[in-house]
Every structure is written in structure tokens, then in C-alpha cells.
Ligand code: UTP
């Protein structure tokens with residue numbers, strides 16, 4: 001089973017910072033955002049973490065590559081704690097596939113179709129952090145309890161923010177677990193079926209890869225993961241697991257990135 005981390009987006013909302021530095025490499029408290037995500041993937045039941053990268057974002061691969069020269073220099077200078085950090089991050093087991101053009105999240109996931117080898121797979125957005133690493137095992141347990149169904153993470157959001165997110169419609173079947181009837185993109189508050197917004201962690205059945213291959217590109221040629229999940233709902237049961245807002249963080253906009261830094265730096 002693979003943990004797929006899409007990280008090939010353009011990071012438009014962070015320009016000009018993301019002109020040279022990938023959004024996923026921006027520092028959050030004490031490490032680049034994507035390091036949290038890789039560590040979470042490795043802490044799960046997945047046997048491999050696959051980053052969907054863009055050919056332009058060299059810094060991501062340099063971050064996870066060994067750098068024996070730097071380690072040797074640091075050791076010569078007596079800076080062993082830093083040398084250990086560099087060695088640790090260079091030793092994390094990550095592989096890469098490439099998205100040649102940023103054609104949407106669904107397209108990025110589809111780029112890892114071969115790597116997922118017809119098995120269920122996790123998707124971890126490269127700019128969403130769950131530092132306690134508890135969400136993926138909890139999602140796996142929900143899937144196991146419901147015959148191997150797909151499970152997506154959702155987070156309660158304040159009413160005034162509902163119209164910015166994709167939210168679920170459905171019914172709560174046990175504490176914090178919902179059976180999903182529909183996914184509703186950016187609803188007006190009066191039309192919103194819930195305040196539970198889709199939140200960057202997915203455990204999906206292999207059927208999703210087949211459905212992604214059939215999704216018609218929308219605005220800007222983008223292939224949306226939500227469209228494949230909509231199609232999946234017509235065929236298979238799907239569940240949502242609610243994540244506590246204290247456990248999960250979005251770093252996708254300058255404001256949410258700053259807020260996440262403030263919270264996580266307090267926890268150092
Ligand atoms: P986002 O929409 O938050 O990232 O996608 P983005 O597209 O880089 O940001 P903006 O909208 O231009 O500001 C969530 C995750 O999915 C990846 C991103 O890298 C991010 O980690 N992604 C998105 C891809 O890998 N490929 C895409 O085509 C789009």
C-alpha cells in the first residue's frame with residue numbers, strides 16, 4: 001500500500017515566494033512542511049511514500065537526498081546534532097513520480113497510478129499537516145470496519161467559512177464517522193448540508209484510479225479528485241472521519257501558513 005503525496009502544484013497563492021521555493025518546502029516551526037507529511041506517511045501502514053513532484057521543484061528532492069559532504073563538514077566542526085538531522089532526513093525512504101504539467105489534484109494522483117499497483121492507497125496533500133500522525137491509522141480502522149470502503153478526512157469549519165470548501169452531505173453512523181451521500185463544492189451557507197470540509201487526507205480504493213482516468217478535464221484543463229470521488233459514490237460506500245481542528249493544519253495560504261507556524265512553534 002502506498003502513501004501518495006501530491007506536491008507538484010504551482011503554489012500560486014504564495015507568489016512571489018514560490019517563484020524559487022516550492023510551497024511544500026516553506027518552513028513550518030522547525031522543518032519544511034513536506035517533511036511532516038513524509039514522516040506521517042512513513043508512520044502509517046503504507047510500505048512506501050511516493051511524492052508526485054514537478055520537474056521544476058528540485059528542492060524537494062534535494063531535501064530528502066543524502067548529503068555526505070555536509071554531514072562530514074558538520075561532524076568535523078563538532079556539530080553532531082545537526083549532522084544527525086541531515087543524515088536522518090536524507091535517509092527517509094521516499095520515491096518520486098512526475099506530473100509534467102500542473103493539471104489538478106486528480107491528475108497528480110493519477111500520475112501515481114502505476115505505483116499504487118491496484119491496491120488501496122492513501123493521499124496526503126503536501127501542504128496539509130497532521131503532526132501527531134494519528135489520522136491515517138484511524139482512517140484505516142474505519143475502512144476495515146466498513147468492508148474496506150474509502151474514507152476521507154473532514155474538519156469542522158466555522159459557518160462563515162463553509163462556502164470556501166468542499167463539504168460532505170451524509171449521516172453520522174458512529175462517533176465522528178459519517179457515511180457520505182454527496183460531496184458539495186463551495187456551497188452557500190444556506191445550502192450547505194454540513195460544516196464538515198474535506199481535509200487533505202484520503203484512503204481510497206483502487207477503483208478511484210480507474211475513475212480518474214475517465215474524468216473529463218474541467219476549467220483550465222484540470223482534473224479534479226472530487227469528480228472521481230463523486231463517481232465513486234455512485235458505485236461504492238464512502239465514509240468520512242472527523243479530525244479535531246487541534247490535530248490538523250492547512251498551510252496552503254500565507255494566512256493559514258502563518259497561523260500554523262504560530263501554533264506549532266509553541267509546541268517545539
Ligand atoms: P493546492 O491547490 O493547495 O496547491 O493543492 P497549488 O495548486 O500548488 O496552490 P495554488 O492553488 O496554485 O495556490 C494541494 C496539493 O496538491 C498539489 C499541490 O502541490 C499541493 O501540495 N497539486 C496541486 C499537485 O501536485 N498538482 C496539481 O496540479 C495541483
Average silhouette area of region 219-268, convex hull of alpha-carbon atoms, in square nanometres:
5.7 nm²
At q = 0.12, 0.13, 0.22, 0.26 Å⁻¹, the log10 of I(q)/I(0) for region 161-220 from a Debye sum over equal Cα scatterers comes to -0.38, -0.44, -1.04, -1.14
Normalised by the residues of region 1-138, what does the relative contact order come to in percent, with Cα pairs under 8 Å and at least six apart?
41 percent
Which log10 I(q)/I(0) values does the chain give at q = 0.17 Å⁻¹ under the Debye formula, counting every alpha carbon as one identical point scatterer?
-1.48
For the chain, what is the relative contact order in percent, using Cα pairs closer than 8 Å and at least 6 residues apart in sequence?
24 percent
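Between residue 175 and residue 214, what length comes free when the chain is fully extended (0.36 nm per residue of separation minus the Cα-Cα distance, one decimal in nm)? Please list the in-between numbers first.
Values: separation 39, 0.36 × 39 = 14.04 nm, distance 3.47 nm.
Stretched out fully, the residue 175 to residue 214 stretch lengthens by 10.6 nm.
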Roughly speaking, what is the stretch gain from residue 1 to residue 163, that is 0.36 nm per residue apart minus the C-alpha to C-alpha distance, in nm to one decimal?
54.9 nm
Taking 0.36 nm per residue of separation and subtracting the Cα-Cα distance, what length does fully extending residue 10 through residue 61 add?
16.7 nm
Please report the orientation-averaged projected area of region 179-268, defined via the convex hull of its C-alpha atoms, in nm².
8.0 nm²
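Restricting to the chain, compute how many DSSP beta bridges are antiparallel as a %, nearest 5.
Approximately 60 percent, going by the DSSP bridge assignments.
Between residue 76 and residue 267, what FRET efficiency follows from the Cβ-Cβ distance if R0 is 51 Å, with the result rounded to 0.05?
Once rounded, the FRET efficiency stands at 0.95.
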Computed [θ] at 222 nm, helices only, for the chain once each DSSP H run of length n ≥ 4 contributes -39500 (n - 2.57):
-9500 deg cm²/dmol
Stokes-Einstein D (µm²/s) once Rh is taken as the Kirkwood radius of region 1-117 over alpha-carbon pairs, at 10 °C in 1.306 mPa s
105 µm²/s
log₁₀ I(q)/I(0) of region 110-183 at q = 0.12, 0.16, 0.17 Å⁻¹, via Debye over equal Cα point scatterers, no solvent, to two decimals?
-0.43, -0.76, -0.86
Suppose a student asked you for the relative contact order of region 65-128, using Cα pairs under 8 Å spaced at least 6 residues apart; what percent would you report?
25 percent
Using only Cα atoms, tell me the angle between helix 135-145 and the longest principal axis of the chain; keep it within 0 to 90° and round to the nearest 10.
40 degrees
Once the Cα atoms of helix 33-43 and of the chain are each reduced to a long axis, what angle between those two axes, in degrees from 0 to 90 to the nearest 10, is obtained?
80 degrees
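Read the figures in this text as sums done on the coordinates, not as results from a lab. None of these values were measured; they are calculated from a predicted model. Please note: Cβ atoms are built from the backbone with ideal geometry, for glycine as well, and neighbour counts cover all protein chains shown.
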